[in-house]
Each structure stands twice: as structure tokens, then as C-alpha cells.
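These notes are about the structure you will find just below.
Read-outs throughout are calculated quantities, based only on the coordinates presented, and are distinct from any laboratory measurement. Just so it is clear, the model here is predicted, and its values are computed rather than measured. Please note: Cβ atoms are built from the backbone with ideal geometry, for glycine as well, and neighbour counts cover all protein chains shown.
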Amino acid sequence: MPEISRTTLLRAAGVSAAGMAAAALPAREAAAAPPAAEHPNVTLIRGYYAAYAANDLRALRDRFFAPDIRWTIPGHHPLAGVKRGVDEVLAFFAELARAGFRAEPIFLAADGPWVVDLHRGWSTTPRGLDTTWALAFRIERGRIAEAVNYPGDQHAADAYFWRVFPLAPLPDRLRPRGGR
């Protein structure tokens with residue numbers, strides 16, 4: 001069997017000498033084009049994550065959340081459901097803070113008024129939840145108007161939040177109805 005040279009093999013694969021030379025350049029020389037400007041809604045969500053990490057509820061209220069924000073938390077646990085308005089969303093965030101919940105963005109992308117986020121979310125008090133989450137943010141007038149949360153492991157999220165936020169014993173568990 002005849003020996004095939006490296007050059008012949010590369011030519012057969014469609015790789016030219018110029019392509020090989022470009023691939024051998026350090027990354028800073030090969031990437032001469034300036035980076036694309038970040039979408040303003042992605043910049044907004046990065047700022048939101050910074051305020052969230054600092055537990056800066058005032059910044060969340062004043063700079064990031066629309067007054068009529070809707071935040072949807074799926075699942076079958078005490079924190080699940082739709083939070084309507086800044087006060088309900090901030091009350092939800094206060095409960096997450098009690099559980100030492102943290103979030104670290106992995107990926108952000110924008111298309112029109114929507115930003116899709118993939119992040120690592122984990123608990124510290126107590127430990128026990130560490131998973132990937134996705135959020136779909138709808139931005140209106142430079143603020144988060146809606147967020148829909150998609151946990152990577154809904155069963156783990158449900159189990160964790162039930163462990164951290166159990167129901168009060170009866171009779172205190174139920175809110176009085178009709179003044180009775």
C-alpha cells in the first residue's frame with residue numbers, strides 16, 4: 001500500500017496551507033474582527049444577575065422589574081406558582097435568599113424582547129439542590145416584564161423546596177376563610 005503524505009491527506013480534506021497557517025496563529029491574531037456589541041436586553045439581564053447576587057432588592061425593584069411583572073415558577077412545591085407584581089416577586093426572592101439560593105449565568109441570548117438564560121442554580125442553606133435552570137425573560141421598556149422559569153430537574157426542585165419550606169401544622173396551616 002502506498003504511503004499517503006500529510007499534504008495529500010490535508011488537500012483531500014479540503015484544508016489549504018493558508019488555512020493551516022491561520023489555524024496555527026495565536027487566537028488574538030486570528031480573531032482580528034472586533035467582538036459584536038452585546039444586545040441591550042442581554043446587558044440588562046447581566047445587571048439583574050449582579051443585583052440578584054448582591055441581594056440588592058432595591059436595585060431589583062427600581063432598575064430591573066416592571067411594576068406589573070409576572071414571574072412563573074413551575075412545580076408542585078410551596079414556592080411554585082405565578083408571582084404578580086414587584087412585591088410578590090421580591091417576597092419570593094426573599095424566600096430564595098433564606099435558602100441561600102445562588103445563580104450563576106452560563107449562557108444568555110436575545111431575540112427581540114426575549115432573553116433566554118441558562119444558569120446554574122444551587123442552594124447553600126441547606127445544601128441539596130444544584131441543577132441547571134433556564135429562564136425566558138420578556139423585556140418591555142428596559143425592564144423585566146415577565147419571567148418563566150424552567151428547572152432542569154423539576155422533581156429535585158420540588159423535593160428540595162418542600163424540605164426547606166414545609167407547611168405549618170394544622171390549624172395554623174390554613175388561612176381563615178370568610179371570617180370564621
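Quick notes on this structure:
- Size of the stretch 40-164: Rg and Dmax of its alpha carbons, in Å, are 13.5, 39.
- Estimated at 0.36 nm per residue, the fully extended path between residue 172 and residue 156 surpasses their Cα-Cα distance by 3.0 nm.
- Most tightly packed first, judged by the mean number of other beta-carbon atoms within 10 Å of their residues, the peptides 61-71, 45-55 read 61-71, 45-55.
- Residues whose placed amide H lies under 5 Å from that of residue 152, excluding near-sequence neighbours: 132, 133, 134
- For the stretch 97-180, the mean projected area of the C-alpha convex hull, equal to one quarter of the hull surface, is 8.3 nm².
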